1. Kindly flag which residue pairs out of Lys13/Lys248; Lys13/Lys67; Lys13/Lys85 have an alpha-carbon separation exceeding 19 Å in this structure.
2. Compute, for segment 67-127, the length of the dipole vector about the Cα centre, with Cβ point charges of +1 (Lys, Arg) and -1 (Asp, Glu) only. Units Debye, rounded to 20.
3. Let's see if you can work this out: charge +1 on each Lys and Arg Cβ, -1 on each Asp and Glu Cβ, no other charges. What is the dipole magnitude of the chain about its Cα centre, in debye to the nearest 20?
4. Pairing the Cα long axis of helix 189-202 with the longest principal axis of the chain, what angle in degrees results, from 0 to 90 and rounded to the nearest 10?
5. Per the Debye formula with a single identical scatterer at each Cα and no solvent contribution, what log10 I(q)/I(0) holds for the chain at q = 0.10, 0.15 Å⁻¹?
6. Averaging sequence separations of C-alpha pairs under 8 Å and six or more residues apart, then dividing by the length of the chain, give the relative contact order as a whole percent.
7. I want to check the label-to-label distance for His263 and Glu247. Put each point 7 Å from Cα in the C-beta direction and report it in nm to one decimal.
8. At a 10 angstrom cut-off on C-beta neighbours, averaged per residue, how do the peptides 29-38, 313-322 rank from highest to lowest?
Amino acid sequence: MKIAFVGKGGSGKTTLSSLFIRHLAAEGAPVIAIDADINQHLGAALGLDEAEAAALPAMGDRLPLIKDYLRGSNPRIASAETMIKTTPPGEGSRLLRVREDNAVYDACARTVELDGGAVRLMATGPFTDADLGVACYHSKTGAVELCLNHLVDGSDEYVVVDMTAGSDSFASGMFTRFDMTFLVAEPTRKGVSVYRQYKEYARDFGVELRVVGNKVQGQDDLDFLRAEVGDDLLVTVGHSDWVRAMEKGRPPRFDTLEDTNRHALDRLRTAVDSAYERRDWERYTRQMVHFHLKNARSWGNERTGADLAAQIDPAFVLGESVTASV
């Protein structure tokens, strides 16, 4: 199951996504965690020190390797150089599985030991001084989108992505790549403004969106969120001494997390797991093709010098029964 955490900067989405990752790992679920936020704080939230977090391999820097691996023997893709972030898989493409070992994970993922299990952590990489004025951050998150396009995951497997803040998530088609999107919102006007944007943008794409109210301190905060987001409000989270200790770099054992917050994480997992029965791989594949054609026309064909529409395999539908190329 693919899960995105989104929200405005400072809403607590990285903290909430890290708690959910810890919760899944503590229950023995296989998890791939991906930091796709420009600020790159997920590693620290999962307990890495500054040096360990800085040493994470940047997916954006390994894009040629990722493209070459995923291309496989797909005859519709002339070369890895003609692949862009939206290139869909087809017959002969290599697909990614959550539980396997492969060249992409070897190059881009690192195992993070948690006190209830372990997860694979991947990161887009930071926006550096060398990028200023010559690149946009979406050139880095394109590696994440390409991997999600080639990912086949099951009901008991989890890929959790900490997305870039605000409405920047809509600068590509990556917002349609998830079974469930959790929007973390504070009980303020600014806190719910991103929800309104997300709701409007996602409406035509069948995106499952639930709101997690964060920093909720009382009934007035709860009433405000209910009035603003209605039935999309799934659960709320309040003050946590455990989170405060974690933010100081001294997290207690995860099994000491407050019962109310543990129950909130249970609600998140239940919502994710219930989305499995509504999976529509044909729609997922159609959306992949839609955004690929859109990107091909707007910039991809010109940049690569190729007709990228020819990369689409009309008979191919991604799904759990598809056999990957080797």
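The values are calculated or read from the model by the stated rules, or taken from the named source; none is laboratory data. Since the structure is predicted, the reported quantities are computational estimates derived from the model, not experimental observations. With ideal geometry, Cβ positions are generated from the backbone for all residues, glycine too; neighbour counts draw on all protein chains shown. For accessibility, only protein heavy atoms count, side chains too; no ligands or nucleic acids. Shrake-Rupley method; radii C 1.70, N 1.55, O 1.52, S 1.80 Å.
1. Cα-Cα > 19 Å for Lys13/Lys67; Lys13/Lys85; rest within.
2. 240
3. Dipole magnitude for the chain comes out near 620 debye.
4. Orientation of helix 189-202: about 30 degrees from the principal axis.
5. The calculated log intensity ratios at q = 0.10, 0.15 Å⁻¹ are -0.56, -1.27.
6. Rounded, it is 27 percent for the chain.
7. Between His263 and Glu247, the label points sit 2.4 nm apart.
8. In decreasing order of mean packing, 29-38, 313-322 become 29-38, 313-322.
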